[in-house]
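Quick notes on the structure that follows.
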Amino acid sequence: ATSMAAGGVWVFRKDGVMELEREASSRKALVYVPANETMRSLRALERRLGSLGWERYYEDRAVVQLHRRDGSLDLISLPRDFARFRSVHMYDVVVKNRGHFKVVDL
């Protein structure tokens, strides 16, 4: 038996214990709206952001930060490992680039 929960599905294991199983279908993707292109890598996302005036500002082993060339105070922080790219990062990109990106359910 299963029941829906925020962030996953509750599943009864064979021993009768319930556990929260992270659900693949709750995964999200970031789409570049003008080209209807799903962002599948940091390189692809950086290329799109670069065309909107963003450039690398700071980086270390875990994080890449971008800022706007026009000198606004906005920063976008992205995980260098795209597997760690979460909805919190996606919505940050959406908010700071109105009309250019959207978040969709996979």
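A few notes on this one:
- In sequence order, the range 71-79 has phi-based couplings of x, 5, 7, 5, 10, 10, 9, 10, x Hz under the Karplus curve 6.51 cos²θ - 1.76 cosθ + 1.60, θ = phi - 60°, and Gly or Pro positions carry x.
- Straight-distance crosslink candidates among lysines, where the alpha carbon sits under 19 Å from residue 28 and sequence neighbours closer than 8 are dropped: 96, 102
- Between residue 44 and residue 56, the contour length at 0.36 nm per residue exceeds the alpha carbon distance by 2.9 nm.
- Of the listed residues 40, 27, the order by accessible area with a 1.4 Å probe, largest first, is 40, 27.
- At an R0 of 30 angstrom, the distance between the Cβ atoms of residue 106 and residue 70 translates into a FRET efficiency of 0.35.
The values are calculated or read from the model by the stated rules, or taken from the named source; none is laboratory data. Predicted model, so just to flag it, every value in this text is computed and none were measured. Note: ideal-geometry Cβ built from the backbone for every residue, glycine included; neighbour counts use all protein chains shown. Quick note on the areas: whole protein, heavy atoms, side chains included, nothing else; ligands and nucleic acids left out. Shrake-Rupley method; radii C 1.70, N 1.55, O 1.52, S 1.80 Å.
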